[in-house]
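In what follows, a structure is listed as structure tokens, so that the remarks can point back to it.
The values are calculated or read from the model by the stated rules, or taken from the named source; none is laboratory data. The structure presented is a predicted model; accordingly, all values stated were derived computationally and were not measured. With ideal geometry, Cβ positions are generated from the backbone for all residues, glycine too; neighbour counts draw on all protein chains shown. These area figures cover heavy atoms from the full protein model, side chains too; ligands, DNA and RNA do not enter into them. Shrake-Rupley method; radii C 1.70, N 1.55, O 1.52, S 1.80 Å.
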Amino acid sequence: MTRVVVVGGGISGLVAARAVGRRPGIEALVLEGASRTGGKLRRETVAGVAVDVGAEAMLHRRPEGGALAAELGVPLVHPTGATSRVWWGDELRPLPRSLMGVPMDLSALESSGLLTPAGLAAVRAEPRLPTTTLDADVSVAELVGGRLGPEVVDRLVEPLLGGVYAGHAAEISVRAAVPQLVAMANRGSLLEQALALPTSTTPVFAGLEGGMGRLPALIEEAGDFAVRRDAMVRGLRRSGSGYRLVVGSADRPEEIAADAVILAVPAAPAARLLGDLAPEAARRLSGIDTASVVVVTFAFRVADLAGHPSLDGGVSGFLVPPSQGRRVKAATFSFAKWAWVRAAGGGDVVHLRTSLGRHGEATALQATDEELVAWSLQDLAAATGLVAEPVDVHVQRWGGALPQYAVGHLERVAAIRADVGAIPGLAVCGASYDGVGIPACIGSALRAAADVLR
Ligand SMILES: Cc1cc2nc3c(=O)[nH]c(=O)nc-3n(C[C@H](O)[C@H](O)[C@H](O)COP(=O)(O)OP(=O)(O)OC[C@H]3O[C@@H](n4cnc5c(N)ncnc54)[C@H](O)[C@@H]3O)c2cc1C
């Protein structure tokens, strides 16, 4: 038997272990440092209902998530038709359809009231600009703002990027985060091409009834690999043609042998483990910054929502541009977005969640639970009018959870893969490489599995 050890039992590690473990003659073992697998896919019980306190949806227009669910025999569910808002000024305004801020519907943009007449004029003038020559990577703000004006960046791009990366438009690489925009920019007007994009009937997002946090257990139950929890890997070295991994405390270390190793951990632990083996990869990994976020989940009595139109089920939540100076960066009205969440509340309680924290801000993570709850309630009250005592609250801190794809990210990842790939039987995968979303993580895990199998 060939033994492949996967370090890290988040979605990436579990998918990689499943992919290698299904091959005849291969024994796959996941070493997970925490007491539970799943990483950022996690559920907690709030007012008697298990709800997601980490990732809660996956992009359905990428195939990897749906394919995995189909293999596992678990049906997907899609969000209801409730629509998103942007909290701008004192109002929740409709979030107009866009491709990372590039409008796909000009009349919706105009009627949203998000842009000033001058901001709208800048958008309409974009097709007359000369084609942008992109020789090198630039930030999303530089490309989109340079063509469509600063208001689009402030009021559309920033809240959207804040939602996905908890990052800032002036820092995030357009090539890594929104490669479609680069292809479009090379062809000419972003606006004209975005307006011409066909309206798809495929739902953009999917989830699982009961929450995305069910996925890790479903992958494990499929039984193609073994898992050891509370097994924080502290060292990795070559031994003959294979590897030795060190787990356990410093005074009681335990060595585990492997023929091949997949590192499915965030950039910082990957850098530490690769320090001696692949110093260039380790150096590049340690340069990947992260953002910390907090998710506060509330359960309210159904009766408390009465009289608040934005909480009538038609609105799925809101995003907040950082320039608005609010504490929360987004809110998801889970009861309105997911039919199963509403049903699970049994007609008595409804669940919704806020998220706080962006790259470069330590405030959210340093605040006490009481402060985080109070700030969330203040912002919810100001945005929706809801002033009520929650039935239950849960605070989930995600320190260093979201890697920031800075300008030049693709070159960085290529250099990491080149350095790691030069060592036989070693591969890396996870949110730090090809996309932070679940489908992208699955894709990177399958790639790492194929690399070590080769
Ligand atoms: C609040 C939040 C909301 C999100 N929402 C969405 C969403 O709705 N849709 C979406 O597509 N994406 C979402 N994401 C992003 C997505 O969830 C993550 O990028 C993805 O789950 C990361 O998976 P991963 O396996 O690469 O890493 P992780 O989930 O970080 O897993 C890594 C695992 O490695 C373990 N580990 C670390 N070091 C060691 C070590 N030395 N030894 C052993 N084990 C170790 C950790 O304990 C962890 O379990 C969200 C992220 C956050 C934080």
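Laid out as a table, the results:
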| quantity | calculated |
| --- | --- |
| Extreme residue, farthest from residue 8 (Cα to Cα), among residues of the range 255-271 that are touching a Ser or Thr at 6+ places or on another chain (Cβ under 8 Å) and assigned to a loop (DSSP other than H, G, I, E, B) | 259 |
| Enumeration of residues in the range 356-379 that are crowded, with 24+ Cβ neighbours inside 10 Å and in contact with a Gly (Cβ under 8 Å, 6 or more places away or on another chain) | 364 |
| Condition check for residue 271: touching a Cys at 6+ places or on another chain (Cβ under 6 Å) and within 13 Å of the ligand (Cβ to nearest atom) | no |
| Enumeration of residues in the range 224-243 that are farther than 11 Å from residue 32 by Cβ and open to solvent by 80 Å² or more (accessible area, probe 1.4 Å) | 234, 237, 238, 241 |
| Residue in the range 81-104 that is within 15 Å of the ligand (Cβ to nearest atom) and surrounded by 15 or more Cβ atoms within 10 Å (Cβ to Cβ) present | yes |
| Test set (1) assigned to a helix (DSSP H, G or I); (2) touching a residue at least 24 places away in the same chain (Cβ under 8 Å) - residue 202 fails condition number | (1) |
| Residues located in the range 37-59, provided they are part of a strand (DSSP E or B) and within 14 Å of residue 14 (Cβ to Cβ) | 38 |
| Test: residue 73 is free of Cβ contacts under 8 Å to residues at least 40 places away in the same chain and small (Gly, Ala, Ser) | yes |
| Residue pairs meeting the criteria (Cβ under 8 Å; at least 6 apart or on separate chains; first not assigned by TED's automatic domain parsing to the domain that holds residue 424, in the range 436-448; second charged (D, E, K, R) and surrounded by fewer than 21 Cβ atoms within 10 Å (Cβ to Cβ)) | none |
| Residue, most open to solvent (accessible area, probe 1.4 Å), within the range 1-20, restricted to residues that are away from the ligand (no atom under 13 Å from the Cβ) and among the hydrophobic types (A, V, I, L, M, F, W, C) | 1 |
| Residues being surrounded by 24 or more Cβ atoms within 10 Å (Cβ to Cβ), closer than 16 Å to residue 86 by Cβ and of a type in the set (A, V, I, L, M, F, W, C) - total across the range 161-184 | 2 |
| Cβ-Cβ under 6 Å pairs, at least 6 apart or on other chains, the range 21-47 side open to solvent by 40 Å² or more (accessible area, probe 1.4 Å), far side within 16 Å of the ligand (Cβ to nearest atom) and among the basic types (Lys, Arg) | 35/229 |
| Exclusive hit being within 14 Å of the ligand (Cβ to nearest atom), of a type in the set (A, V, I, L, M, F, W, C) and not assigned by TED's automatic domain parsing to the domain that holds residue 448, set 295, 227, 246, 233 | 295 |
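Every residue, every condition in (1) touching a residue at least 40 places away in the same chain (Cβ under 8 Å); (2) open to solvent by 10 Å² or more (accessible area, probe 1.4 Å), yes or no:
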| residue | (1), (2) |
| --- | --- |
| 397 | yes, yes |
| 405 | yes, no |
| 411 | yes, yes |
| 425 | yes, yes |
| 434 | no, yes |
